[in-house]
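Please read the structure below before turning to the comments.
Just so it is clear, none of the values below were taken in a lab; they were calculated from the coordinates. Note that the structure is predicted; figures quoted are calculated from it, not measured. Methodologically, a virtual Cβ is constructed for each residue, glycine included, from the backbone with ideal geometry; neighbour enumeration extends over all protein chains shown.
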Amino acid sequence: WTTVPKFTQKYMKPDFDFARDLFEGLTWSRTNSKGTGSYDITLEPKGFTCDCPGFTFRGKCKHTQSVNDQIKEAVDGQVPQYRPI
């Protein structure tokens, strides 16, 4: 008998402080490298997940890092402020 290893969900911990109730459960979409499809990145209670093959093996990928960086910039106030006219 060959034993199949048990699948363990991996998570990439965000490197920013965030209000869980604001971001948790949200899903972002990122185009794959060939431009033929997309992957979904979700922020779970334990961290980011992505449905790309690389994340499955490594627990991190450029898609999750991209979303992490985008949110970090917004949380840190590095985006232009809206000013009503």
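What is the packing order of peptides 64-72, 33-41, taking the mean over residues of other C-beta atoms within 10 Å and listing the highest first?
Numbers: 64-72: 17.4, 33-41: 12.3.
Per-residue Cβ counts within 10 Å, averaged per peptide and sorted highest first, yield 64-72, 33-41.
In a shell of Cβ-Cβ distance under 13 Å around residue 29, excluding residue 29 itself, what net charge do Lys and Arg (+1) and Asp and Glu (-1) give?
Details: positive: 30; negative: 40, 51.
Net local charge, residue 29 excluded: -1.
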Problem set entry | Cross-link reach list, lysines versus residue 34, counting only Cα pairs under 30 Å and skipping chain neighbours closer than eight places | 10, 13, 46, 60, 62, 72
